[in-house]
Amino acid sequence: MKATLEIPDTVFRRAKSVAAQRGIPLREFVTEAVKDKLASNAKASQKPWVKHMGKLKHLRKETARINRLIEEDSEKIDPEMWR
């Protein structure tokens, strides 16, 4: 099937360049790209939580700090509690 697509110039040039480096026509490169995108979307829809994996990775140090503070505080004895 033939279709007309509007692709930004920079994306088009990069796609054409990569296709040439691989020695395949642009048509084949675009077809592969669309197939890959459809396959990844199908996988993500089977397990929607997968797309969120690792997004809070930047908070690991903060989580460890908070857990350490909680542990330190829970080791303290509250005199009011023992009356």
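The values are calculated or read from the model by the stated rules, or taken from the named source; none is laboratory data. Note that the structure is predicted; figures quoted are calculated from it, not measured. With ideal geometry, Cβ positions are generated from the backbone for all residues, glycine too; neighbour counts draw on all protein chains shown. Just so you know, the surface numbers come from the protein's heavy atoms only, side chains and all, with ligands and any DNA or RNA stripped out. Shrake-Rupley method; radii C 1.70, N 1.55, O 1.52, S 1.80 Å.
Among the helices (runs of 4 or more DSSP H) lying completely within the chain, list those that include at least 3 residues that are out of contact with any Phe, Trp or Tyr (no Cβ under 8 Å at 6 or more places or on another chain) and acidic (Asp, Glu).
Numbers: elements: 9-22, 26-46, 60-74.
The helices (runs of 4 or more DSSP H) meeting that bar are 26-46, 60-74.
If a residue has to be among the charged types (D, E, K, R) and within 14 Å of residue 31 (Cα to Cα) to count, how many in the range 5-19 make the cut?
Residues flagged as among the charged types (D, E, K, R) and within 14 Å of residue 31 (Cα to Cα) within the range 5-19 amount to 1.
If I ask for residues that are open to solvent by less than 100 Å² (accessible area, probe 1.4 Å) and modelled with pLDDT under 85, which ones from the range 31-72 would you list?
40, 41, 42, 44, 45, 48, 50, 54
For the range 17-69, enumerate the residues that are of a type in the set (Ser, Thr, Tyr) and under 30 Å from residue 3 (Cα atoms).
Hits for the range 17-69 are 17, 31, 40, 45.
Cβ-Cβ below 7 Å, separation at least six or inter-chain, first residue in the range 50-72 and closer than 22 Å to residue 40 by Cα, second open to solvent by less than 100 Å² (accessible area, probe 1.4 Å): which pairs?
That search, which allows pairs on different chains as well, returns 50/44; 51/44.
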